[in-house]
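Down below is the structure, laid out as C-alpha cells.
Rule-based calculations on the coordinates, nothing more; no lab input. Remember, it's a predicted structure, so these values are computed and weren't measured experimentally. Heads up, the Cβs are rebuilt from the backbone with ideal geometry, glycines too, and the neighbour counts pull from every protein chain shown.
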Amino acid sequence: MTTGHVFIAQSLDGYIARPDGAIDWLMSIDTAGEDHGYHDFISTIDCIVMGRGTFEMALSFELWPYDKPVIVVSSTLSSADIADHLRDKVRVSHAAPRDLMMELSRDGFHRAYVDGGKVIQSFLRDGLIQDMVITTIPVLLGAGRPLFGDVHRDIHMKHISSRSFPSGLVQSTYNVDVTVS
Ligand SMILES: NC(=O)c1ccc[n+]([C@@H]2O[C@H](COP(=O)([O-])OP(=O)(O)OC[C@H]3O[C@@H](n4cnc5c(N)ncnc54)[C@H](OP(=O)(O)O)[C@@H]3O)[C@@H](O)[C@H]2O)c1
C-alpha cells in the first residue's frame, strides 16, 4: 500500500496555523541561507494528499506551489470546484484514508506526502503515516489549528534525528510505529 509521509512546521506550542488559517508567522522568521530539507523530501514523493484546509491555503498563493499530483480529501468539494487551470494537477477524493491509500497504490504511487493538521491526525489514527519531519518554529501563538489531536491509543514514535538551525528552527524526524497504531 502507498505509505504516508509528513513534512510540516509547527509553532513551539504545537499549531500549524492561526485560528483563521494564517501562516504569516512561518514566513516572518529570517531563515536565509538555511536548507531545511524540503526539496530533498519532495524529490522522494510521488503524490500529495492534503485536506481541504491546506488546499484552500495553497489556492491563495500567487503560483500553484506543487509539481506533483495533488489529491484533495474533502466531503464538501467535488471535481467541479477545481479551477480549469488545475484540472490536470489536482483531483478531489471522498474516499476514507485507507481506501484512498489502496487506490493510490493501484495508481502506481508509492509515497504520499500527507499534509494538513486534521488529515495528518486521521491518517495517523489509521496507521497510514510512516514517518514525520517536524520543524518547530520558536514562537508561541497561543491559539490555532493544532498539528496533533485525539488518538484512540498511544502512538509510539522512534526518534531518528534532530538538528537545529541558526534561525532557531529545530527539526526532528520520527518513524511511526505502525504496529501499535
Ligand atoms: N505549518 C505548516 O507547515 C502547514 C502545512 C500545511 C497546512 N498548514 C495550514 O494548516 C491549515 C489547514 O489545516 P487544517 O488542520 O485546518 O485542515 P486540513 O487537514 O488541511 O483539512 C481538513 C479538512 O479536510 C477534509 N477531510 C476530508 N477527509 C478528511 C479526513 N479523513 N480527515 C480530516 N479531514 C478530512 C475536511 O473538509 P470537508 O469539510 O471538505 O470534508 C476537513 O475539514 C491551513 O490554514 C494551512 O495554512 C500549515
Legend entry - Label-point separation in nm, Val139 to Leu12, each point 7 Å along Cα→Cβ: 1.3 nm
Legend entry - In range of the label at Met1: residues from the range 109-141 whose backbone nitrogen is under 12 Å from the point 7 Å along Cα→Cβ: 123-130
Legend entry - Linear extension gain, His110 paired with Asp88, 0.36 nm per residue minus alpha-carbon span: 6.0 nm
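First measure r as the distance between the Cβ atoms of Arg153 and Thr76, then evaluate 1/(1 + (r/R0)^6) with R0 = 30 Å and state the FRET efficiency to the nearest 0.05.
Efficiency computed from Cβ-Cβ geometry: 0.55.
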Legend entry - Cβ-based charge dipole, the range 48-106, positive-most Cα from Ala58, Val72, Met102: Met102
Legend entry - Percent RCO, i.e. relative contact order, over the range 65-164, from Cα pairs under 8 Å lying at least 6 residues apart: 21 percent
Inset, instruction - When a/c is below 1.5 the answer is rounded, else prolate if a/b is larger than b/c, else oblate, so apply that to the range 1-46 with a ≥ b ≥ c taken from the square roots of the Cα gyration tensor eigenvalues. - result: oblate
Inset, instruction - Give the shape of the range 50-181 as rounded, prolate or oblate, defined through the alpha-carbon gyration tensor: a ≥ b ≥ c are the square roots of its eigenvalues, a/c under 1.5 means rounded, and otherwise the shape is prolate if a/b is larger than b/c and oblate if not. - result: oblate
Legend entry - Cα-based reach from Lys158 at 14 Å (exclusive), listing aspartates and glutamates while leaving out same-chain residues under 8 positions away: Asp131, Asp177
Legend entry - Cα-based equivalent ellipsoid of the range 19-85: semi-axis lengths in Å, sorted from largest, via gyration tensor: 24, 17, 11
Inset, instruction - When a/c is below 1.5 the answer is rounded, else prolate if a/b is larger than b/c, else oblate, so apply that to the range 121-162 with a ≥ b ≥ c taken from the square roots of the Cα gyration tensor eigenvalues. - result: oblate
Inset, instruction - List the relative contact order of the chain as a percent without decimals, with contacts defined as Cα pairs under 8 Å and 6+ residues apart. - result: 35 percent
Inset, instruction - Quickly estimate the mean residue ellipticity at 222 nm for the chain, helices only: each DSSP H run with n ≥ 4 gives -39500 (n - 2.57), and the total goes over all residues, rounded to 500. - result: -5000 deg cm²/dmol
